Amino acid sequence: MSVKIIAPAICLLADGPASGAGVAVSGGRILATGALPELLAQYPEAMVEHWEHEVLMPGTVNAHNHSFQSLLRGIAADRPFLEWRDESLYKYSPKMRCRDIYTGALFAFAEMMKCGVTTVCDFFYLHNEGTAGDEAVIQAAHDLGIRLVLARTMYDWEGAPAGYVESIQDAYANTKRLMQKYPGGMTKVIPAPHSLHAATPEMVQAGASLAREFGTPFHIHVAEERFEVEQVKKQTGLTPLRFLDRLSVVNDAMKIIHGVWLDEEEIAMLGAQGGSLIYCPSSNMFLADGITNIPAYLRAGAPIALGSDGACGNNRISVLEEMRMVSILQKAKTCDALCVNYHDAYTMGTANGGRVLDEPIGQLLPDYYADFIGIDLRDLSMQPLSQGGQLLPNIVYSLQPTAIRHVVVNGRTVMHDGQFSLIDTAELLSRIKETMAYLEA
Ligand SMILES: [Zn+2]
C-alpha cells in the first residue's frame, strides 16, 4: 500500500510540538510519526507533501452536535429555553424530509470542517421516516469526507413532535440494525437515550443494554436545565444521576452531555464509576442553562470532551472555540486562572473526544486514524511565535478559522487551501436556500 509523508513546519505530537518532524500515513492510518530524516529512511518510496508554513495537529472532535439544527440558526434567538424550543425546533423540525436532513447535515459538517473538526458525533432524533433520516445524515458525512459517530436517539416522551418518538421496541430494533450496519471506521452508530425528561427509564435501560451488547459508549443529556432536576426529584425522589444509578446504567460506557446541575457527590459518583462528561460551554451560555462545575469533574477524574451542541443554540460549531470557552468561562466562574489551562482545553477538544467516542482519534499516534489539520502559522491570529511556548496558547485562545488550510480525514485531503475537495460550496448554498424556502413556506 502506498505511503505518504506529510512534512509540516511543526508537528503537534502527543508529547508536544516538534520542528522537523512529520507523519507517515497509509491506508487511512498513521504508520509512524517522528523526525523527517528517519521517516524518509524508513519509507524511501513514500510520496512527500510539504506543509512548509503550517503546524500539523490532530483534527478536533466535536463530541456533541445536532446537525439539522444548523438550518434553524438565528431563529428564535434570545428567548427562554422552552420558548426557543417551541418556536424553532418544534415548529420546523417536524417538516423536515430526508433531503432537508441531508442538507442540514452537509451544511453543519462542512462548516465545522472549516473550523478544524475531523470527527463529529451527531446526536440525531428526527425519525419521521424510520431510519431513512439516519441514513441521510450518514450520506452527508460520507459525501463531505468527515468521520461520523451517529448517536442514534431513543426518545419516547409523547409531548414532543411525533417524529421524535418511537416505541421502546422500535427504537431498540432500529438502533440495533444501524449499529450492526455501521460498527466503526468512517461511520459508527451508538445508542443515545435522549434524557430523563424525554426517555422513560425503560428506554434509558434499553439504550444502555445495546451499548453493553455491542461494546460501545452510550450518550445521554443529563441535567442541562434545572427543570429536569426538579422533575426527576418530583417523580422519583432522587436527583438525576442518583436515579440513573438506581437504573444501574452509570458505568464507563456512559457519556453524559451537559451535567450542569449535578451536585458534587453525583459528579464524584460519575467519576468513580468510570463515566465521562461531554461539555458544551457556549451552548450552556447561549441557552442560559448555567455553568457546569468543571473543577469538580476534573477532581472526580471523569474524562471531559467538548461539543458545540446544535448551531441554533450556540451559534458557532467550532471545537477550537469551545476550547477557548471552557477555559475562560471556568476562570470567570472560579476566579482561578489555573482551573482549566490551555493544555487541558486542548486535550478536551482532541484526545478526550477520542476517548468518549471510543475511537483511535484525537492524537498523532501510530495506528490511530490519519485525521489531522494544517494551521497556517502566517495567519495573524497565530502570531507572534517568537518563543516556542506561544504555539499552543495561540491555538486555544486566539486562532481564527481563517488559519485552517488543510483538513485530512482517514488519510484523504478533504480540505485544501481552505477549499473543500469533495463538495461544491455554491451548490451547498443553493441547497440551503431551497430547503429554507420549503421550511418557511
Ligand atoms: Zn444536545
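Points to keep in mind about this one:
- Here r is the Cβ-Cβ distance between Glu434 and Gln169 and R0 is 25 Å; the resulting FRET efficiency, rounded to 0.05, is 0.10.
- Taking Cβ atoms as reference points and 10 Å as the exclusive limit, the residues near Thr292 contribute a net charge of -1, counting Lys and Arg as +1 and Asp and Glu as -1.
- Inter-centroid distance (Cα atoms) of region 293-310 relative to region 196-212, Å: 22 Å
- Counting charges near Thr200 (Lys, Arg +1; Asp, Glu -1) among other residues having Cβ under 11 Å from its Cβ returns a value of -3.
- Whole-angstrom gap from region 354-378 to region 423-439, using each part's C-alpha centre: 30 Å
- Extension gain, Cys335 to Gln390: 0.36 nm times the residue separation minus the Cα-Cα distance gives 17.5 nm.
- The Cα center of region 52-125 and the Cα center of region 20-42 differ in position by 34 Å.
- Ordering Glu230, Glu135 by the number of other Cβ atoms within 10 Å of each residue's own Cβ, fewest first, gives Glu230, Glu135.
- A DSSP coil position with no more than 11 other Cβ atoms inside 10 Å describes none of the trypsin sites (Lys or Arg not before Pro) in region 129-196.
- Working ranking of peptides 158-166, 192-200, 58-66 by packing, defined as the average number of other Cβ atoms within 10 Å per residue, highest first, is 58-66, 192-200, 158-166.
- For the chain, calculated [θ]222 nm from helices alone, where every DSSP H run of n ≥ 4 adds -39500 (n - 2.57): -11000 deg cm²/dmol
- Across Lys188/Lys255; Lys91/Lys255; Lys91/Lys233; Lys91/Lys331, pairs whose alpha-carbon gap is larger than 26 Å: Lys91/Lys255; Lys91/Lys233; Lys91/Lys331
- Formal net charge of residues neighbouring Gly301 (Cβ-Cβ distance under 15 Å; K, R +1; D, E -1): -2
- Note on Leu380/His50: beta-carbon distance plugged into 1/(1 + (r/R0)^6) with R0 of 25 Å gives a FRET efficiency of 0.65.
- Taking a straight Cα-Cα cut-off under 20 Å and skipping sequence neighbours fewer than 8 places away in the same chain, the lysines within cross-link reach of Lys95 are Lys433.
- Antiparallel bridge percentage (DSSP; both residues within the chain; nearest 5): 45 percent
- Exposure proxy ranking, count of Cβ atoms within 10 Å, fewest first, for Lys255, Lys95, Lys114: Lys95, Lys114, Lys255
- Taking Leu329, Leu241 and counting other C-beta atoms within 10 Å, the order from fewest to most: Leu329, Leu241
- Taking a ≥ b ≥ c as the square roots of the eigenvalues of the alpha-carbon gyration tensor, region 60-357 is classed rounded because a/c is under 1.5.
Taken together, the values in this text are just the output of simple stated rules run on the coordinates, not laboratory data. Owing to the predicted nature of the structure, the values given are computational and were not obtained by experimental measurement. A quick note on method: Cβ atoms are made from the backbone with ideal geometry, for glycine too, and the neighbour counts reach across all protein chains shown.
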